[in-house]
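**Student:** Shown below is the structure under consideration.
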Amino acid sequence: MPAIASEYLAIDRKKRARTPSLEVATRPVTERVCDFEDVAIPMTPEQAQMEAARCVHCPDPAPCVEACPAHNDIPSAMWLIEQGEFLEAAQLYRQTSSLPELCGRVCPQEQLCQGSCTHLKAFEAVLTGPLEVFVCDYERQTVGVDVVVGEPSGKKVAIVGAGPAGLACAEQLIQQGHSVTIFDAKPAPGGLLTYGIPNFKLPKQVVFWRWNDLERAGVEFVPETYIGKDKSIDDLMSDGYQGVFIGVGVGVDAPMEVPGEDLPGVMQATEFLIRCSLDDEQLLPEEMRGRPAVGEKVAVIGGGDTASDCLRSALRLGAKEVTCLYRRTEYEMPGGLHDRELAREEGAHYEFLTQPVQFIAGEDGRLAKIECLRMELGEPDKSGRRRPMPIEGTNYIVEADTAVLALGYWPDPIVGETTPELDTHKWGLIIADPDTGATSRPGVFAGGDGVTGPDLVVTAMVAGRKAATAIDEYLNGLN
């Protein structure tokens, strides 16, 4: 057990609950905005024990467990960490999560486990995410991580999409002894984890560490293979795969549909983040190599986590003025508060109740200005958020060298269009059973954002695990 003052551990639990949180430690702003490296400072063993000891171990069902989509046994993990049993805590997380070292970094804990902590009534919540990261990193650094491989079943499964859902599905299936091959349109595995989340938030080495675990276990990866164009689902079945899991996510940027959207200097968030996320050009699609030149003034349009990622990336690219334009108030923003706080610390500004209505070119034909309109909130729409309504006559100009559209994502309909008897809806989302991932096509399962629409990494991971259980049962029922 790592050394820690025994008198601290002996303090009455109620008094320990009143101990101030360590808070999430980050590198100084002046340092971190100069690079794309991880902003978080890892906990020490002593800090981890002290923070975990703040947990009061609520009676079942603990609110944090209920709020976690993976239903991680967080109170038991906190107890193990408090005792210095870091390896046991990591193994406990891996019982319910296929990607704990990733989810601990990118989950919006303030909206999930941490946000449900009973400490919030009087004190700061326990730092559940950083503690999950700490024990999983500790495990990897001390004993390594291995995926247990089951006795070979002779069955083959093709996974379409190497993002969170696909990786989780593969991890579960390989443990059941099935042969697993993942197909992805990109050069490297990881999907959103590799190509959508910036390195300062999720270091790519963490993604590749987890991928290497799966590769050592026997999972194969076929890159730059666009299912629906290069191969079809029927082709995969003809190739001898008895089951298919579709975890393609939603990778089509939602358009804004205003004049000037096609001007040079107006970028979609996907391309912008892909070009910012990786230094190794061999891992980038050829048409997206090289970091974008953004000029001095950047406007990011949207209010989700993608918008925060774009704001912070633009600052690291050297922009002097970076502004988020959002048509509602901050209260309605879907993105995580912690990411917005970091963006503000780093120099980003926010303009709320603002709707761009036109992109205007300068003399060189590139974006120079954005015409905006002030908004006010009306009655709630179908999402439950108050509907933004334009205020006539309030047009004004925002100067910008670059605009990044982070408006959300649509599904790519090509898999549905090229797969007979596969039912889809809402512009191409695949219809699948939420508990099993089963689709209308026998032997074909689906999960993640390609089924639900844009959601969290953890919910996609859980969907992949659920589908793997159903796929295993399906394969076992085949002759």
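**Student:** Of all residues being hydrophobic (A, V, I, L, M, F, W, C) and loosely packed, with under 14 Cβ neighbours inside 10 Å in the range 121-172, which is modelled with the lowest pLDDT? Just the residue, please.
**Tutor:** Residue satisfying both the conditions and the ranking: ALA122.
**Student:** Now, a different point. How about the range 172-250: which strands (runs of 3 or more DSSP E) wholly inside it have at least 2 residues that are assigned by TED's automatic domain parsing to the domain that holds LEU456 and not hydrophobic (A, V, I, L, M, F, W, C)? Spell out how you get there, then give the answer.
**Tutor:** Numbers: elements: 179-183, 220-222, 243-246.
Counting at least 2 such residues, we get 179-183.
**Student:** Which one is nearest to LYS204 (Cα to Cα), of the residues in the range 22-44 that are part of a loop (DSSP other than H, G, I, E, B) and β-branched (Val, Ile, Thr)?
**Tutor:** Across the range 22-44, the extreme among qualifying residues is VAL39.
**Student:** Taking the options LEU478, LEU456, LEU429, name whichever one is over 17 Å from ALA165 (Cβ atoms) and among the aliphatic types (A, V, I, L, M).
**Tutor:** Only one candidate qualifies: LEU478.
**Student:** Would the range 104-112 turn up any residue that is under 25 Å from ASN476 (Cβ atoms) and among the β-branched types (Val, Ile, Thr)?
**Tutor:** no
**Student:** Then there's this: Within the group ALA53, ALA25, ALA40, which residue is over 21 Å from the mean Cα position of the chain (by Cα) and among the aliphatic types (A, V, I, L, M)? Can you show your working first?
**Tutor:** On the way: ALA25 fails: over 21 Å from the mean Cα position of the chain (by Cα); ALA40 fails: over 21 Å from the mean Cα position of the chain (by Cα).
Just a single option satisfies the conditions, and that option is ALA53.
**Student:** Restrict the check to the range 378-401 and report whether at least one residue is free of Cβ contacts under 8 Å to residues at least 24 places away in the same chain and among the hydrophobic types (A, V, I, L, M, F, W, C).
**Tutor:** Looking for residues that are free of Cβ contacts under 8 Å to residues at least 24 places away in the same chain and among the hydrophobic types (A, V, I, L, M, F, W, C), one finds at least one in the range 378-401, hence yes.
**Student:** Are any residues in the range 72-116 closer than 21 Å to GLY304 by Cα and in a loop (DSSP other than H, G, I, E, B), and if so, which ones?
**Tutor:** Scanning the range 72-116 gives CYS107, PRO108, LEU112, CYS113.
**Student:** When residues of the range 33-44 are filtered for being in contact with a Phe, Trp or Tyr (Cβ under 7 Å, 6 or more places away or on another chain) and surrounded by 17 or more Cβ atoms within 10 Å (Cβ to Cβ), how many remain?
**Tutor:** Residues of the range 33-44 that are in contact with a Phe, Trp or Tyr (Cβ under 7 Å, 6 or more places away or on another chain), as a first pass: 36-39, 42-43.
From the residues that got through so far, the ones that are surrounded by 17 or more Cβ atoms within 10 Å (Cβ to Cβ) too are 36, 38-39, 43.
Here the count works out to 4.
**Student:** Criterion first (polar (S, T, N, Q), within 24 Å of GLU171 (Cα to Cα) and assigned to a loop (DSSP other than H, G, I, E, B)) does THR436 satisfy it?
**Tutor:** yes
**Student:** Looking at this structure, is PRO130 under 30 Å from GLU85 (Cβ atoms) and either touching a Leu at 6+ places or on another chain (Cβ under 8 Å) or without any contact (Cβ under 8 Å) to a residue 24 or more places away in the chain (or both)? Give the steps one after another, and end with the answer.
**Tutor:** Working: under 30 Å from GLU85 (Cβ atoms): yes; either touching a Leu at 6+ places or on another chain (Cβ under 8 Å) or without any contact (Cβ under 8 Å) to a residue 24 or more places away in the chain (or both): no.
In short, no.
**Student:** If I ask for residues that are among the acidic types (Asp, Glu), within 20 Å of GLU257 (Cβ to Cβ) and at pLDDT 95 or above, which ones from the range 340-391 would you list?
**Tutor:** Result: GLU371, single match.
**Student:** Report whether or not ARG327 is over 23 Å from the mean Cα position of the chain (by Cα), of a type in the set (Lys, Arg) and either surrounded by fewer than 18 Cβ atoms within 10 Å (Cβ to Cβ) or assigned by TED's automatic domain parsing to the domain that holds GLN268 (or both).
**Tutor:** yes
**Student:** Only one of these is in contact with a Cys (Cβ under 9 Å, 6 or more places away or on another chain) and either closer than 30 Å to ALA468 by Cα or in contact (Cβ under 8 Å) with a residue 40 or more places away in the chain (or both): VAL300, VAL244, VAL294, VAL266. Name it.
**Tutor:** Step by step, each of VAL300, VAL244, VAL294, VAL266 is checked, and only VAL300 is in contact with a Cys (Cβ under 9 Å, 6 or more places away or on another chain) and either closer than 30 Å to ALA468 by Cα or in contact (Cβ under 8 Å) with a residue 40 or more places away in the chain (or both).
The values are calculated or read from the model by the stated rules, or taken from the named source; none is laboratory data. The structure displayed is predicted, hence computed values, not measured ones. Virtual Cβ from ideal backbone geometry, glycine too; neighbours counted across all protein chains shown.
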